[in-house]
Amino acid sequence: MQNARFVVLTGHLSNYPLSDLVGILRHQRKSGRLTIEYGLGPASFFFQEGELVDAKLNALSGLQAICVAVAQPEAAFNFNPLIKAPRRSIEKEHQR
């Protein structure tokens, strides 16, 4: 059995806007956790095979967390493919 490649993706939203980053992860069908280090607290976005299935920002989750996150100033991010989504808070019909 071949080991899945473990690649942690890091960078800054000034180079990769959040919408582009989500698009890249979706296109590459990635699974894992994208963490963005916003000043008001870290946001976590969980992907399963390219599908955004959960989002958290402080007490917010799902679509509310995404709406607040996109309004935040640019920040550093990292993507860790070893961390799986704990739950689904974003249904398929809300993927866009």
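Assuming a ≥ b ≥ c are the square roots of the Cα gyration tensor eigenvalues, decide whether the chain counts as rounded (a/c under 1.5), prolate (otherwise, with a/b larger than b/c) or oblate. In terms of gyration-tensor shape, oblate. Over the chain, accessible surface divided per residue gives 64 Å², non-protein components excluded, 1.4 Å probe. Solvent-accessible area assigned to carbon and sulfur over the chain amounts to 52 percent, based on a 1.4 Å probe.
The values are calculated or read from the model by the stated rules, or taken from the named source; none is laboratory data. Quick caveat, the model's predicted, so the values are computed rather than measured. Ligands, DNA and RNA are excluded from the accessible area calculation, which covers all protein heavy atoms including side chains. Shrake-Rupley method; radii C 1.70, N 1.55, O 1.52, S 1.80 Å.
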